[in-house]
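Let me begin by presenting the structure, written as structure tokens, before commenting on it.
The values are calculated or read from the model by the stated rules, or taken from the named source; none is laboratory data. Just so it is clear, the model here is predicted, and its values are computed rather than measured. With ideal geometry, Cβ positions are generated from the backbone for all residues, glycine too; neighbour counts draw on all protein chains shown. Note: accessible area is taken over every heavy atom of the protein model, side chains too, but ligands, DNA and RNA are not part of it. Shrake-Rupley method; radii C 1.70, N 1.55, O 1.52, S 1.80 Å.
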Amino acid sequence: MKKKIYIAGAGGMLGEAFYRIFKNEYEIRCTDKDVNEEWIDFLDFRDFERYKSDVENFKPDYLFHLGALTDLEECEMNVDDTYLTNTTSVENAVLLANNLNIPMLYISTAGIFDGKKDYYDDWDEPNPLGHYARSKYMGERYVRENAKKYIICRAGWMMGGGPKKDKKFISKIIKQLVSGKRDLHIVNDKDGTPTFTVDFAKNVKLLIEKEYWGLYNLVCRGETSRRDVAEHIVNILGMQDEVTFHEVSSDYFKDTYFAPRPPSERLINKKLELRKMNIMRDWKVALEEYIADYYTDYLAENIYTVKEDGITLKPAV
Ligand SMILES: NC(=O)c1ccc[n+]([C@@H]2O[C@H](COP(=O)([O-])OP(=O)(O)OC[C@H]3O[C@@H](n4cnc5c(N)ncnc54)[C@H](OP(=O)(O)O)[C@@H]3O)[C@@H](O)[C@H]2O)c1
């Protein structure tokens, strides 16, 4: 008999990878308020009664609470909904998991730190700057203080989901290139560690199966900056001769990206290393695989002309 996992908020970047990695070996039920796949059913986890009856009906062995409001600007503008979604709903998940006596998974973020240090290990003290970060940290604390059995994994800059679901940096850069942009303005004051969703899901699976409960930083190996990541995307696409980078400070984007962000949100997977459980790969290798696996068709349609002797770039629009 396969073990059962209930995955709440499975319609996003991370949910896509969890579905891929867990679907064969486990019986899974995936829900979200955005029903964007045939394997997803509707559930808004802010509604405790509905969340409770849906989870109880499924009788899972694990509860994975993945979903959140992840747009930092939206969180600054809709503060009550941010805490209802990212904090109170996590309390719902803890109560459900405890009632059923099952372990739960919660996804926290590197963004809970204030960026005064260059990098953070699992035991550094968070000091969230904006409402997204604070709501996520309050969710993390509730799980730590109340869940009977839990795994909390802190992700960094998420890479995953492909052109349909990726709302973050990789997709934003690729979509600018696809639209014909060849002058890229990239901030030079933000450091972090990318997290490939597929590797993340595999590492979570390992922790769950080993029953190594607790809190873990879970990011790719290697430290980087927005500039390095953008440069590596351009290199992977073979566009280095065409693209010009303009380094700017975050102030340049202050009207669009007005939510506070720490200058450094670099994590290191110290606990995973100590437990010999760190199967995360270098971010560059993961980024290459991410683009090859998720973006090949999209790039072929939008940016490349496929010729008999290989792939060449379409001219800039
Ligand atoms: N993205 C990142 O860079 C990042 C970094 C570190 C940690 N994390 C954490 O990783 C987890 C997964 O995020 P992700 O990257 O997969 O983000 P995502 O692509 O935005 O996916 C989150 C999903 O949760 C859904 N959701 C929001 N409110 C819900 C509700 N009330 N009921 C049911 N579903 C709801 C969203 O639906 P809508 O689209 O309709 O809102 C979306 O489908 C989150 O806990 C996030 O905080 C993300």
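For residue 152, neighbours were defined as the other residues whose beta-carbon sits under 9 Å from its Cβ, and their charges (Lys and Arg +1, Asp and Glu -1) total +1. Sorting 254, 276, 284, 4 by accessible area puts them as 276, 254, 284, 4; the probe is 1.4 Å, largest comes first, and only protein heavy atoms count.
Segment residue 91..residue 121, full-extension length gain: 8.3 nm, with 0.36 nm per residue of separation and the alpha-carbon distance subtracted.
For segment 182-188, backbone phi angles converted through the Karplus equation (6.51, -1.76, 1.60; θ = phi - 60°) give residue-by-residue couplings of 10, 9, 10, 8, 10, 6, 10 Hz, Gly and Pro being listed as x. Expressed in Å, the radius of gyration and Dmax of the Cα atoms of the chain are 19.6, 61.
Applying a threshold of 30 Å to the alpha-carbon distances of 167/210; 4/164; 175/210; 23/116; 116/175 flags 167/210; 175/210; 23/116; 116/175 as lying beyond it. Loop sites by DSSP among the GluC sites (Glu not before Pro) of the chain, restricted to those with at most 16 other Cβ atoms within 10 angstrom, leave 39-210 as the longest stretch without any of them. Rolling a 1.4 angstrom probe over the protein heavy atoms with all chains in place gives the chain an accessible area of 46 Å² per residue. Taking Cβ atoms as reference points and 14 Å as the exclusive limit, the residues near residue 254 contribute a net charge of -3, counting Lys and Arg as +1 and Asp and Glu as -1.
Which FRET efficiency, nearest 0.05, do residue 181 and residue 289 yield, Cβ-Cβ r, R0 25 Å?
For R0 = 25 Å, the calculated efficiency reads 0.50.
For the chain, the longest principal axis of the alpha carbon atoms and the long axis of helix 169-178 meet at an angle near 30°. Axis of helix 131-146 versus longest Cα principal axis of the chain: the two differ by about 30°, to the nearest ten degrees.
From its DSSP helices (H runs of at least four residues, each -39,500 (n - 2.57)), the chain gives a residue-normalised ellipticity at 222 nm of -11500 deg cm²/dmol.
Sorted into 5 angstrom bins from 0, the C-alpha pair distances of segment 98-208 split as 2, 10, 16, 19, 19, 15, 10, 5, 3, 1, 0 percent.
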